[in-house]
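Worksheet: one structure, shown below.
The values are calculated or read from the model by the stated rules, or taken from the named source; none is laboratory data. As the structure is a prediction and not an experimental result, all values here were calculated from the model. In this analysis, Cβ positions are derived from the backbone assuming ideal geometry, glycine residues included, and neighbour counts consider all displayed protein chains. Side chains included, ligands, DNA and RNA excluded: accessible areas come from the protein's heavy atoms. Shrake-Rupley method; radii C 1.70, N 1.55, O 1.52, S 1.80 Å.
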Amino acid sequence: MDLYTKFVSTALFPLHEKIKGHSTLDRFRELEKSQWADRADIEKFRNSRLQDFMVGIARDVVFYSDLFRNIGVDPRNIQRPTDLAMLPLLDKATVRANVEKLKSRNSNGLARYNTGGSSGEPLVFFIGEARRSHDVAAKWRATRWWGVDIGDPEVVVWGSPIELSGQDRVRSLRDALLRSRLLPAFDMSNPMLDKFIEKILRWKPRMLFGYPSALSLIAMRAESKGMCLADCGLRVVFCTSERLYDHQRNLIQRVFGCPVANGYGARDAGFIAHECPHGGMHISAEDVIVEIVDTNGAIAPQGESGEIVVTHLATRDFPFVRYRTGDIGVLDHGYCGCGRQLPMLKNIEGRTTDFVTASDGTVMHGLSLIYVLRDIVEIASFKIVQESTHRLVVKLVANIGFNDSVGDKIRRELQGRLGRDVVVEIELVDMIAPEASGKFRYVTSKVPLRCAD
């Protein structure tokens, strides 16, 4: 750790979080200690938090006060994760219909957030200070597993409007002090990829953080030009927000000459699990409970795959209890060679967001199309299929109020990204069917992804 990183991690960043009213440092210190506890002690601590959490939301959150009363369950009887089966699963539709009722009467510092919309069902929700503090602390702990600390130079390859629109002077100054730089993942054309590569070589970050699809595209471009980026000083490439495929991991490791760490989470569900250098996908079990359920919503037998359902104990201000992620995974009941006894996940089939290609050949992240549709209230769900560089099919399940003018707006916005000569066909359907695997893919491109000039 160099002197500047030490200054940032021990003084500047803790001061920054304290000024914002966050308990990040205290939470981080707790997580650093608890990760080495025996699994039985971790479960005991978590169960205590679970009991307190349930009693609190039953008292302070209208939605859960009503729920416990209607189903005849005493929140004090939910004492361990297996007791959560007494409660129904929580899906995006339920959250959307009960946003105000899900806010705690004692909420502290609620901030409005949107999901990226890669599930096809955009969601508006709120996060309080406790949850934000946990998320930052959990990420901080995970990056330290790889020898990267707050204040080490990092490059973030990201596409969320929340991050991109937040680059005002204050935030830019903060990021500069923390040595964190942002590369927008929307435009992944060859000229832009060349600029990204040049900046990475010039900035010499300790960590790359971002979508595996975007990071692998950068690596693919570099390799196509005969470039090896192993000398830029990277210690780890941290992938998140999409499923990390083996071929992506191998490509990124080969080009950047460093290990790839997988992180599993979502803006709504939180930071759920992180990979350590021994390969274990450790769940942040001090605050996060993971269940695996089958297609009927029942707990799947041990070792079998199913939908990942999350209860986040740091979300008392806006609770996520038995929240359906839409992702498929398997719990790992073994122990990791690193010595941490945190429970683990394996075989995560996370969200997959394809790239799309504009009519002029520009490659961009599929989220650039998703953001056109996600906040339109007249749309219940959608699926985008790029048939060719000049034809796009958008399947929509319409809400009340959808009309031709909404359709025309969608066409204009999508053509503004892909090209005015692109034909955008809108098909109104009764439902969006899943893939044969049971997963939903809401941006699919049939245009081959090319990196050569």
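Observations, loosely collected:
- Taking all Cα pairs closer than 8 Å and separated by 6 or more residues, the relative contact order of the chain comes to 16 percent.
- The value given for the range 300-403 is a Kirkwood hydrodynamic radius of 17.6 Å, derived from the mean inverse Cα-Cα separation.
- Net length gained if the chain between D360 and N106 were fully extended (0.36 nm per residue, minus Cα distance): 86.2 nm
- Sequence ranges 200-206, 312-318, 368-374, 426-432, ranked by mean other-Cβ count within 10 angstrom, highest first: 312-318, 368-374, 200-206, 426-432
- Residues in the chain average 44 Å² of solvent-accessible surface per residue, probe 1.4 Å, ligands and nucleic acids excluded.
- Of the residues K346, K103, K6, ranked by 1.4 Å probe accessible area with the largest first, the sequence reads K6, K346, K103.
- Per residue of the chain, the DSSP helices (runs of n ≥ 4 H) give a summed -39500 (n - 2.57) that works out to -10000 deg cm²/dmol at 222 nm.
- Our summary gives the range 65-152 a relative contact order of 17 percent, counting only alpha carbon pairs under 8 angstrom and 6 or more residues apart.
- Under Karplus coefficients 6.51, -1.76 and 1.60, residue-wise ³J(HN,Hα) of the range 395-401 in Hz, glycine/proline x: 8, 10, 9, 8, 8, 4, x
- Solvent accessible area, Å² - K446, 1.4 Å probe, full protein context: 120
- The local environment of I426, defined by Cβ-Cβ distances under 13 Å, has a net charge of 0 under the rule Lys, Arg +1 and Asp, Glu -1.
- With every protein chain in place and a 1.4 angstrom probe, the accessible-area ranking of S48, S107, largest first, reads S48, S107.
- Shape category assigned to the range 2-109 from the gyration tensor of Cα positions, a/c cut at 1.5: oblate
- Peptides 13-24, 283-294, ordered by how many other C-beta atoms sit within 10 Å of their residues on average, highest first, read 283-294, 13-24.
- Cα gyration tensor of the range 277-317 - equivalent ellipsoid semi-axes, whole Å, descending: 20, 18, 6
- Given in Å, the Rg to one decimal and the Dmax to the nearest whole number for the Cα atoms of the chain are 22.0, 65.
- The chain, accessible surface, carbon-and-sulfur percent (1.4 angstrom probe): 51
- For L90, nonlocal amide neighbours, meaning residues 5 or more places apart or on other chains whose placed amide H falls under 5 Å from its own, are Y323, R324.
- With a threshold of 20 Å on the Cα-Cα distance, the over-threshold entries among K92/K383; K195/K225; K346/K446; K6/K195; K20/K101; K395/K446 are K346/K446; K6/K195; K20/K101.
- Amide proton proximity set for W158, modelled H, under 5 Å, gap of 5+: L183, A185
- Listed peptides 232-242, 331-341 by packing density, highest first (mean Cβ within 10 Å): 232-242, 331-341
- Backbone HN-Hα couplings from phi across the range 82-98 [Karplus 6.51/-1.76/1.60, Hz, Gly and Pro as x]: 5, 6, 4, 4, 6, 9, x, 6, 10, 10, 4, 4, 5, 4, 4, 7, 9
- The 3J(HN,Hα) values that the Karplus relation (6.51, -1.76, 1.60; θ = phi - 60°) gives for the range 358-372 are, in residue order, 6, 5, 8, x, 5, 9, 9, 5, x, 4, 5, 8, 4, 5, 5 Hz. Gly and Pro appear as x.
- The amide H of F355, built 1.01 Å from its N in the peptide plane, has G366 as neighbours under 5 Å, considering only residues 5 or more places off or on other chains.
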